[in-house]
Amino acid sequence: MNSKKTFAQIATLWKNDKKMYVKRSTFSAYILLLENHLLPAFGEYVEEITETVVQEFVFQKLNQGLSQKSIKDVLIVMRMVLKFGAKHKLLTYTPFDIQYPTVRESQSIEVLSKTNQKKIMNYVQEHFTFRNLGVYICLSSGIRIGEICALAWEDIDTDNGVIHVRKTIQRIYMIEDGIRKTELLLDTPKTKNSIREIPMSRDLLRMLKPFKKIVNPTFFVLTNDAKPTEPRTYRAYYKNLMAALEIPELKFHGLRHSFATRCIESNCDYKTVSVLLGHSNISTTLNLYVHPNMEQKKKAIEQMFKALK
């Protein structure tokens, strides 16, 4: 074995290797997890990081309020660094199997009531601005905040009534030459499923057609300018809009949840909803949005006994 290196030193070597193979935004996410969680806890380790130590780390993070999903993301990065170190004979790595407490309460998603959704859509039609239009598009298509910020007029095909989702904008965190900085990144979405085509409703198509004839196709929809707005700025605008309309506080992502919920309520088939949302698999859609209500449960029981007779 080579001379022993600390976990932090191995992580530096791993970063230099990894950044050649992954998207810049993915690499940024890895760096954040390393800096915020792994290096403070394990940076000076030169001995093998045992399962017991990692399990203790997990319980500590849970007590600090970190979700199981976030902790699992941290451990994915940790395993990559450890496997890299073991491959280059810089450390000993024994795979670990971590236990998590049973989650007893399923988190409910935030969704607009039908009344409030209509209120927003009517308001946008009566008080048109490009930024208001973005909220209407999100409620009509379920696209994410990074996707609406990246949407250009050339992505809107009014001839065929389709929105092409091909890009996303996000502010990423980077460390280069020891300097910490953030930068706004316009890039393709992380997964191929997120690159998709979404048909427009008649109302949305009617609203957009006149603009398509006069706008610069390369301009961004939210600004109608060559310069985009970034997600945190648009999130703040949306929050103020909801307050002005006296609608209960709902995260921007709630617009996407509302679109999906309305689709499910309208008896759209689950696979189609999954494709419209750009989910990587249908199970994500089912787990998030398909929760039968009491009426549906009663109907299922009645149908079963009807079949028996």
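The values are calculated or read from the model by the stated rules, or taken from the named source; none is laboratory data. Keep in mind that this is a model prediction, so the values were computed, not measured. All Cβ positions, even for glycine, are placed from backbone atoms using ideal geometry, and neighbour counts span all protein chains on display.
Brief remarks on what is shown
- Verdict on residue 41 being surrounded by 14 or more Cβ atoms within 10 Å (Cβ to Cβ), in contact with a helix residue (DSSP H, G or I) (Cβ under 9 Å, 6 or more places away or on another chain) and free of Cβ contacts under 8 Å to residues at least 24 places away in the same chain: yes
- When segment 232-246 is filtered for residues that are exposed (fewer than 14 other Cβ atoms within 10 Å of the Cβ), within 12 Å of residue 132 (Cβ to Cβ) and under 21 Å from the mean Cα position of the chain (by Cα), nothing remains.
- Among (1) in a helix (DSSP H, G or I); (2) farther than 30 Å from residue 135 by Cα - the single one residue 22 does not satisfy: (1)
- Inside segment 13-25, residues that are of a type in the set (S, T, N, Q) and either exposed (fewer than 15 other Cβ atoms within 10 Å of the Cβ) or in the same structural domain as residue 188 (by the TED database) (or both) make up a count of 1.
- Annotation note: of 194, 140, the sole residue that is small (Gly, Ala, Ser), within 21 Å of residue 258 (Cβ to Cβ), at pLDDT 95 or above and surrounded by 14 or more Cβ atoms within 10 Å (Cβ to Cβ) is 140.
- Of residues in segment 25-47 being part of a loop (DSSP other than H, G, I, E, B) and among the acidic types (Asp, Glu), the one nearest to residue 89 (Cα to Cα): 47
- For residue 246, the stated conditions do not hold, so it cannot be described as of a type outside the set (Val, Ile, Thr), free of Cβ contacts under 8 Å to residues at least 24 places away in the same chain, in a helix (DSSP H, G or I) and over 28 Å from residue 152 (Cα atoms).
- The requirement of being of a type in the set (S, T, N, Q), crowded, with 17+ Cβ neighbours inside 10 Å and either farther than 15 Å from residue 260 by Cα or not assigned by the TED database to the domain that holds residue 278 (or both) is fulfilled somewhere in segment 129-136, by at least one residue.
- Test result for residue 62, over 25 Å from residue 9 (Cβ atoms), aliphatic (A, V, I, L, M) and not assigned by the TED database to the domain that holds residue 171: yes
- Qualifying residues in segment 249-261 (those that are out of contact with any Lys or Arg (no Cβ under 8 Å at 6 or more places or on another chain) and assigned to a helix (DSSP H, G or I)) - the one farthest from residue 145 (Cα to Cα): 261
- Residue 229 of a type outside the set (Phe, Trp, Tyr), crowded, with 17+ Cβ neighbours inside 10 Å and outside any loop (DSSP other than H, G, I, E, B): no
- Residues located in segment 161-191, provided they are touching a Gly at 6+ places or on another chain (Cβ under 8 Å) and without any contact (Cβ under 8 Å) to a residue 40 or more places away in the chain: 168
- The test for being of a type outside the set (Ser, Thr, Tyr), surrounded by 14 or more Cβ atoms within 10 Å (Cβ to Cβ) and in contact (Cβ under 8 Å) with a residue 12 or more places away in the chain holds for residue 224.
- Segment 64-106, residues that are in a helix (DSSP H, G or I) and of a type in the set (D, E, K, R): 69, 72, 73, 79, 83, 87
- Test for residue 145: is it β-branched (Val, Ile, Thr), within 22 Å of residue 22 (Cα to Cα) and either touching an Asp or Glu at 6+ places or on another chain (Cβ under 9 Å) or touching a residue at least 40 places away in the same chain (Cβ under 8 Å) (or both): no
- For residue 108, the stated conditions hold: it is farther than 15 Å from residue 222 by Cα, polar (S, T, N, Q), outside the structural domain of residue 212 (by the TED database) and within 24 Å of the chain's Cα centre (by Cα).
- Note on segment 197-221: residues that are in contact with a strand residue (DSSP E or B) (Cβ under 7 Å, 6 or more places away or on another chain), surrounded by 17 or more Cβ atoms within 10 Å (Cβ to Cβ) and in a helix (DSSP H, G or I) amount to 1.
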